[in-house]
Every structure is written in C-alpha cells, then in structure tokens.
Amino acid sequence: MGTDEPARRRAVFLDRDGVINKNVLNPSTGRQEAPLTAVEFELIPGVGDALLRLQRSGFLLFLVSNQSNYAKSKSSLEELDAIHNRLLRELTALRVEFAAFYYCLHHPEGVLDGYAGACVCRKPSPYFLLKAAAEFDVDLAQSWMVGDRVTDVLCGRAAGARTILIRADGAASPEAAPDRVAADLAEAAETICRTTAERLSELQIEAL
Ligand SMILES: [Mg+2]
Ligand SMILES: [Zn+2]
C-alpha cells in the first residue's frame with residue numbers, strides 16, 4: 001500500500017532579506033535592514049544557482065518574510081509590491097520558481113490601522129509553514145527553514161522543520177541553536193542536498 005501513495009513533498013522555506021537579497025544600510029537607524037525601494041533591491045551573488053539546485057533536488061520553494069515597514073509607515077504598499085515584483089522578475093529570469101510567497105505585513109508596534117498589534121503570521125510564528133504544509137502536502141519533517149535571524153530558526157523549529165542560520169561571519173549562534181550554520185545560501189543548499197542524499201541512501205540500505 002505504502003508505495004502506491006504519492007510521496008509528500010519536501011520544501012525549503014526561505015527568509016528574504018539577508019538570505020536572498022542584500023540588506024541595505026538605513027541611515028536613520030544605522031542598521032542593515034530590508035530595502036525600502038525596488039531600486040535598492042539586489043540579489044546576493046550565487047543565490048540563483050543555490051535556488052536552482054534546491055529546485056532540481058525536488059524541493060518546493062517558499063518565501064516567508066516579515067515586512068513591517070508598511071505597518072510602521074516607513075514604506076507604501078506600492079513600494080513593497082515593486083520590490084516583490086523585482087524579486088519575481090529576477091527569479092523568473094533565472095528559471096527559479098517559488099510555490100508561494102508569504103509576507104506578514106503586520107507589526108506589534110505598527111501605527112497603521114489593520115496592521116498594528118499582534119497577528120498570527122509574524123515569524124517566529126510557524127503559521128505560513130503550517131499553511132504551506134496543508135495546501136501543498138509538504139512533509140515538514142523533511143523540510144528546512146533558512147534565515148539570518150533567531151526568529152527564522154524559532155519559526156522553522158516550531159513547525160517541525162530543520163533549520164539553517166545564515167551567518168556571514170560563520171559564527172555559531174547558541175541562543176538560536178539552529179541545526180546547521182551556513183555562510184550563505186549556496187552553503188545552505190549544499191548542506192540540504194548532501195543531508196538529503198545521505199538520508200535517502202540510509203533509507204535504501206534499511207530497505208534491503
Ligand atoms: Mg532576514
Ligand atoms: Zn502578520
């Protein structure tokens with residue numbers, strides 16, 4: 001019976017800023033943050049190849065991004081849309097296909113009605129991963145969450161996925177306790193593909 005059942009899909013859930021595109025220095029805060037305009041949007045080198053590699057290894061790709069700049073009145077919906085459209089255009093040109101893009105536009109300290117206060121979807125909530133699992137028949141135990149913040153790791157773990165923290169300096173992050181640490185998405189994709197291949201060969205040996 002088991003072999004007649006269609007296999008559930010594996011997925012990689014990806015944070016956006018600092019993983020797929022570069023963060024941008026915000027002069028008013030002095031911090032590296034999400035781009036505020038499409039002109040500032042720039043893919044990190046190697047991201048296209050890393051995503052293609054995951055896609056060809058059978059992973060569905062999902063974007064899971066907190067975008068609170070509208071709730072904070074720092075960005076308009078048109079600007080957020082323009083950034084999303086640029087991302088989509090660049091990925092499409094590279095033949096990378098995402099199954100879905102999930103954005104949380106809320107923020108607890110937001111100022112705009114309807115976007116301020118608590119919400120169900122802001123990471124570290126696993127809301128979007130659980131939604132994807134239900135809608136795309138994703139097996140979360142065979143899936144990964146990749147992000148550059150502790151909240152990304154907490155989100156992935158809460159959903160039952162494995163987690164990779166992107167740390168440009170390669171330093172471990174004991175407070176987040178991710179399953180793996182990678183310098184960038186290319187290294188994360190390498191880890192995911194290698195781990196998956198090892199696991200599949202173990203399963204084949206067990207089945208002998
Ligand atoms: Mg990020
Ligand atoms: Zn939300």
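Throughout, read-outs are computed from the coordinates displayed, never taken from laboratory work. Computed from a predicted model, the values in this text were never measured in an experiment. No Cβ is skipped: glycine too gets one built from the backbone with ideal geometry, and neighbour counts run over all protein chains shown.
What is the range 116-208's relative contact order, in percent, from Cα pairs under 8 angstrom and six or more apart in sequence? Walk me through the numbers on the way to the answer.
Details: 117 pairs, mean separation 18.2, N = 93.
Result for the range 116-208 is 20 percent.
State the antiparallel share, in %, of DSSP beta bridges confined to the range 1-107, rounding to the nearest 5. Kindly include the intermediate steps, with their values, before the conclusion.
Working: 4 of 15 bridges.
Counting DSSP beta bridges with both partners in the range 1-107, the antiparallel share is about 25 percent.
Most mobile of Gly48, Gly58, Gly156 per a Gaussian network model of the chain (Cα springs, under 10 Å)?
Its mean-square fluctuation being the largest, the pick is Gly58.
With only Lys, Arg, Asp and Glu charged, each at its Cβ (+1 for the first two, -1 for the last two), find how big the charge dipole of the chain is about the Cα centre; round to the nearest 20 debye.
Values: 23 positive and 29 negative charges, 16 e Å.
Here the chain has a charge dipole of around 80 debye.
Please report the antiparallel percentage of DSSP beta bridges with both residues in the chain, rounded to the nearest 5.
The antiparallel proportion sits near 15 percent.
Averaging sequence separations of C-alpha pairs under 8 Å and six or more residues apart, then dividing by the length of the chain, give the relative contact order as a whole percent.
The value is 21 percent.
Calculate the length of the line joining the C-alpha centroid of the range 25-62 to that of the range 132-188, in whole Å.
One Cα centre to the other: 15 Å.
Evaluate the distance, in nm, between pseudo-label points positioned 7 Å from the Cα of Asp179 and of Arg199 along their respective Cα→Cβ axes.
Output for this residue pair reads 0.5 nm.
Normalised by the number of residues in the range 1-57, what is the relative contact order in percent for Cα pairs under 8 Å and 6+ residues apart?
After rounding, I find 26 percent.
Along the charge dipole of the range 137-208, which of Ala189, Ala158, Gln142 sits closest to the positive end, that is, farthest toward it, with unit charges on the beta carbon of Lys, Arg, Asp and Glu (+1, +1, -1, -1)?
Ala158
Given Cβ point charges of +1 (Lys, Arg) and -1 (Asp, Glu) and nothing else, what value in debye, to the nearest 20, does the dipole of the range 83-189 about its Cα centre take? Walk me through the intermediate numbers first.
Working: 11 positive and 14 negative charges, 14 e Å.
For this selection, approximately 60 debye.
With a 10 Å Cβ neighbour count serving as the proxy for reagent exposure, in which order, fewest first, do Leu25, Leu208 appear?
Details: Leu25 11, Leu208 4.
So the residues, fewest neighbours to most, are Leu208, Leu25.
Determine, for Thr196, Thr37, Thr29, the number of other Cβ atoms within 10 Å of each Cβ, and report the residues in order from fewest to most. Working shown, then result.
Details: Thr196 17, Thr37 14, Thr29 9.
Taking fewest neighbouring Cβ atoms as first place, the list is Thr29, Thr37, Thr196.
Taking the highest mean first, how do the peptides 97-110, 134-147 order by number of other beta carbon atoms within 10 angstrom per residue?
Packing proxy ranking, top to bottom: 134-147, 97-110.
Run through the range 79-181 and list the trypsin sites (Lys or Arg not before Pro) located in a DSSP loop whose Cβ has at most 12 other Cβ atoms within 10 Å.
Details: sites: Arg86, Arg89, Arg95, Arg122, Lys131, Arg149, Arg157, Arg162, Arg167, Arg180; in loops: Arg95, Arg122, Arg149, Arg167.
Those that pass, being in a loop and sparsely packed, are Arg95.
For a quick check, take a GNM of the chain with Cα springs below 10 Å and name the residue from Asp81, Asp184, Asp148 with the largest mean-square fluctuation.
Sorting by GNM fluctuation, first place goes to Asp81.
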